[in-house]
Each structure stands twice: as C-alpha cells, then as structure tokens.
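Okay, so here's the structure we're looking at.
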Amino acid sequence: MLANSLVELDRRHLIHPLSSYRGHEQVGVRVMRSAKGATLTDSEGHQLLDGFAGLWCVNAGYGHESIVEAAAEQMRRLPYATGYFDLGSEPAIRLAAEIADRAPGDLDHVFFTLGGSDAVDSTVRFIRYYNHARGTPQKDQFISLSQGFHGSSTVGAGLTALPGFHAGFGVPLDWQHKISSHYVYRNPVGSDPATIIDASVAELKAKVEEIGPDRVAAFYAEPIQGSGGVLVPPAGWMKAMADTCRELGILFVADEVITGFGRTGPLFASEEDGIVPDFITVAKGLTSGYAPLGAVLMADHVYQTIADGAGEALIGHGYTYSGHPVSAAVGLAVLKLYEGGLLDNGRKAGERLMAGLHGLSDHPLVGDVRGRGMLAAIELVTDKDAKTPLPAASEPSRRIFDRAYRNGLIIRAFGNGAIGFAPPLCCTTEEIDEMVARAGRVLDETLDDPDIRAVM
Ligand code: PMP
C-alpha cells in the first residue's frame, strides 16, 4: 500500500536525475528503505548488495553510527554558519586543514561546495580569475577528454563529453574543447601503453596549437574516467599529461570526484599517479554520501596569484552552503573511518574484486575487464575478436540493470554494454565474492536474451 502510493506520488511529482521521463513513468520507482554495511533493503523487503556504493559515493558503507552522531551533534550545536563576512565554523576549518594536510604537494587551500558539479564550476571561475590576476585574460579556453564526465551544470556538462548531457542543452560552450580519451580497449592507436600516452600528449599539443598557444587556460581529466565507462588510462598517462600541461603553460585539473577518498586505494588517485595537479576536485567519498559536500583543492601558487591580484577587493564567488558545518562534521567523521581501517580493507577488497572479475573473462560476452582498487568494469561484446558492442535492441543499460536487481545486486549498467562496479570499501571477502557470483548470473541471463542470441 505504502509502496504503491509512493510509486504514484513519484510518478506525478518527482523528476529523477538522469532518467527518461516517459520511460520512468512506465517503469515506476523502486524505493530504497534502509541499508547497513553493503546491503540495501527496498520497500518490498528485497535485499540488494550495493555493488555501486549508491552513485560511487558511499565509500564507507551504510549505517555508521559515528557519522550519524557527528551530524546530530553538529546539528544540535550549530546547524549552519556562513563563511561570508569573515565568519566560519570549526568543522569546516578543521576539515579543510585535514584535507590540505593529506593532499599531494602544495594543494594547501580548500574551497567547499555542495557536490562535484559546483566544484568543477568553481575551478573554471577560479582559473579565469587567476588569469585575469596575472595579466593573461586571453587564456580563457578549456580542454577536456572525450568520454569525460565533469558534472551536470551548464559549465560541467559542457566539459563533459557524453552525448546525452549535450543534446538539447546548448552545450558545449564555445570555449570548451575536447581531445580523445585514452580508452585502452578501443583506442585506434592500439593498446600499447607508451603509444597511447604519446598519442594523447601529441593530441593535446596539437589542440593547444589549433586553439592558440596563448589562449588555453586549463586541461581537465579524471584519473579514471568514471561515467564514460570506467576507463583506466595506462600507468604514467596522468603524469605525462600533467607534465605536458606544465610545459605548455596551462593548468591541470584532476577531477577526483569519483577517485578521491579511497576508491582506487589511497585518499587521492593523484598520489598513485605521482602528480601534483594545480587543482583537485572532490565530492562523493568526502562525506561518503551521508551529506552533500564537495571541495576544490587549490595549489598555493594559484591561491597566491588570485589573492594578490584581488588585493582588498572581494572575490565574488561563494555559495550559501560553502563549508556547511553539518556536512563538514560528517566529512571529519568519515575521514576517521577511512584511516581507522577502511582504506586498508578497501585495498584488500579491491584486489579480490579485480581477481573475481578477471575470473569472468572467459565468459562468451566479456570483452574487457579493467579497474583499479574498488573501481572496475567489465565490457560486454558479442564478438571478442571484432569487439562488437551489444546491439542497441538488447537495451543493455535497462535490461542488465534489471537482471542484476533481480539477482540482488546493484551495478551500473552503461549504455555501451559495460558494467561498472564501485562497492563500498567496507565489503567483506564474502560480499565481494557474492557480488561477482551474482554478476556471473547476470552475464548468463544476458547471453540468453533473444536479442543477444540473434547476433551471436
Ligand atoms: N566530476 C566527476 C568525475 C563525476 O563523476 C561527477 C558525478 N558523477 C561530477 C563531477 C559531478 O558531481 P555531482 O553529481 O556531485 O554534482
């Protein structure tokens, strides 16, 4: 009764993110009711292993009382404090300091947002301001990668290179440019790491030359492209791109909204990549999804240039909820959990996950297995030699997600037939093994789909 009325209310009133409105009206909502550890329970009482940590965000897993207590305590004491008018709150200050302390190199300055999209937007504003401050305002062009995802605001969606985020929305904007992804499995230059790195470096240089060497402000990349299908670059790719940016005099932004906070192993994937970007954007794992929060980590040289350039003038960028005390208190509690064993557990669970997924590689549909830490994907094809994607008629995104759900597993089913995994870092060995076993059943059922059979 409750579920039915919720389904109806949802259908009439709630606009869902990233959904087909007409499609959603037909299928209706599945309401999540509660969760503990890595297991979700829906309103019908079905138990689901969350192989995607919500939306790659609940890195700590569900049901941590220490996080709940931190939020409740902060809400009681001081639910809100603005950062305007030179005011502030203890949790925001402490969290900024803790992050800066752990961030690579001189990324010493932290600007809080509500999530990833506004963190990306903020970097664009800061970079433009920086270039005005240093007398190079003509540097106002931005480059990102095909298959990249950088948010759902107009600016972020324009930096994003996924067709669904552009069509009908008037983006990309005319100062937003793209170069090819590294996409190892389907790279036209082949899969040799050094060749891919050289090709990306050459393409970035050519794009900068084409736009005008004194016009380009920054290059954006995710350490692992998430929404593009969990595309893992060859080792050394991020470093080569960061070095090239430095050589070309353009800023490098590592968008770690997904990879930050343990997803690939360490707190920041940039650590593993051996780079110090000029900016890192984070969100998701920063609070493990328990409260909305994102952040921009800014290198000291950028901060000093902006601060000197502005002098006594106000720098007109900030949100009502920049440094929200409750979200920041949650961030501090989550950080304690990461460092109290969750990062270690995530590393072990990640090895188990990758080994398990590699164990599926003999399945007739599995063309590629890729990942790092607790961020992975398998890409399905109907012909392994020709790497033929699943036919659109088999509706990979909807049907694979539904099969997984029926098998008690939440995964990300990408439109191209890739299946993404990003389980909570708290997963036990048994939970990881069970996720892989259920994914195996999803593959078998997909193989039985008449629309797949028809082309094999
Ligand atoms: N950047 C990246 C790399 C992301 O994956 C996302 C969200 N999936 C965003 C930015 C946008 O974050 P949000 O949805 O919190 O606005």
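To keep it simple, each residue is scored yes or no on (1) within 16 Å of the ligand (Cβ to nearest atom); (2) closer than 24 Å to Asp243 by Cα; (3) surrounded by fewer than 23 Cβ atoms within 10 Å (Cβ to Cβ); (4) among the basic types (Lys, Arg).
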site: Thr123; (1), (2), (3), (4): yes, yes, no, no
site: Arg134; (1), (2), (3), (4): no, yes, yes, yes
site: Gln147; (1), (2), (3), (4): yes, yes, yes, no
site: Thr160; (1), (2), (3), (4): yes, yes, no, no
site: Pro163; (1), (2), (3), (4): no, no, yes, no
site: His166; (1), (2), (3), (4): yes, no, yes, no
site: Asn187; (1), (2), (3), (4): no, yes, yes, no
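Here Lys139, Lys178, Lys207 are screened, and the one residue that is within 16 Å of the ligand (Cβ to nearest atom) and basic (Lys, Arg) is Lys178. Taking the criterion of being crowded, with 24+ Cβ neighbours inside 10 Å and near the ligand (Cβ under 8 Å from one of its atoms), the residues of the stretch 281-295 that qualify are Thr281, Ala283, Lys284, Gly294.
Does any residue of the stretch 149-159 turn out to be within 24 Å of Arg370 (Cβ to Cβ) and of a type in the set (Phe, Trp, Tyr)? Don't jump to the end; show me each part of the working.
The first filter runs over the stretch 149-159 and keeps only residues within 24 Å of Arg370 (Cβ to Cβ), leaving 149-151, 159.
Keeping just the survivors that are of a type in the set (Phe, Trp, Tyr) gives 149.
Yes, there is a match, as at least one residue in the stretch 149-159 is within 24 Å of Arg370 (Cβ to Cβ) and of a type in the set (Phe, Trp, Tyr).
Residues in the stretch 94-121 that are touching a residue at least 24 places away in the same chain (Cβ under 8 Å) and either surrounded by fewer than 18 Cβ atoms within 10 Å (Cβ to Cβ) or farther than 28 Å from Gly228 by Cα (or both): 10 in all.
From the list Val334, Val326, Val330, which one is surrounded by 23 or more Cβ atoms within 10 Å (Cβ to Cβ), modelled with pLDDT of 95 or more and under 28 Å from Gly228 (Cβ atoms)?
Every option except Val334 fails the conditions.
There is at least one residue in the stretch 295-309 that is of a type in the set (Ser, Thr, Tyr) and within 21 Å of Gly88 (Cβ to Cβ).
Quick one: in the stretch 240-276, which of the residues that are part of a strand (DSSP E or B) and within 16 Å of the ligand (Cβ to nearest atom) is surrounded by the fewest Cβ atoms within 10 Å (Cβ to Cβ)? Before you say what the answer is, go through the steps one by one.
Taking the stretch 240-276 as the starting set, the residues that turn out to be part of a strand (DSSP E or B) are 251-255.
Restricting the remaining residues to those that are within 16 Å of the ligand (Cβ to nearest atom) gives 252-255.
Numbers: Phe252: 24, Val253: 29, Ala254: 29, Asp255: 31.
Only one residue tops the list, namely Phe252.
Anything in the stretch 28-77 that is closer than 21 Å to Arg398 by Cα and of a type outside the set (A, V, I, L, M, F, W, C)? List them, or say none. Quick ask: steps written out before the conclusion?
First, the residues of the stretch 28-77 that are closer than 21 Å to Arg398 by Cα: 28-32, 40-44, 46-56.
Gly28, Arg30, Thr41, Asp42, Ser43, Glu44, His46, Gln47, Asp50, Gly51, Gly54 - these are the residues of the stretch 28-77 that are closer than 21 Å to Arg398 by Cα and of a type outside the set (A, V, I, L, M, F, W, C).
Residue count for the stretch 210-239 under the criterion of being assigned to a strand (DSSP E or B) and either within 16 Å of the ligand (Cβ to nearest atom) or at positive phi (or both): the result is 6. For the stretch 149-158, the candidate set comprises residues that are among the hydroxyl-bearing types (Ser, Thr, Tyr) and within 11 Å of the ligand (Cβ to nearest atom); within that set, the residue that is farthest from Ile224 (Cα to Cα) is Ser153.
Go through the stretch 19-38 residue by residue and tally those that are in a loop (DSSP other than H, G, I, E, B) and free of Cβ contacts under 8 Å to residues at least 40 places away in the same chain. Working first, answer last.
Keep residues of the stretch 19-38 that are in a loop (DSSP other than H, G, I, E, B), which gives 19-20, 28-31, 38.
Those left that are additionally free of Cβ contacts under 8 Å to residues at least 40 places away in the same chain: 19-20, 28-29, 31.
Total meeting the criteria: 5.
Within the stretch 40-62, the set of residues being in a loop (DSSP other than H, G, I, E, B) and either modelled with pLDDT under 95 or closer than 17 Å to Ala349 by Cβ (or both) comprises Gly51, Phe52, Cys57, Val58, Asn59, Ala60, Gly61.
The values are calculated or read from the model by the stated rules, or taken from the named source; none is laboratory data. Here the structure is a predicted model, which is why all the values come from computation and not from measurement. Please note: Cβ atoms are built from the backbone with ideal geometry, for glycine as well, and neighbour counts cover all protein chains shown.
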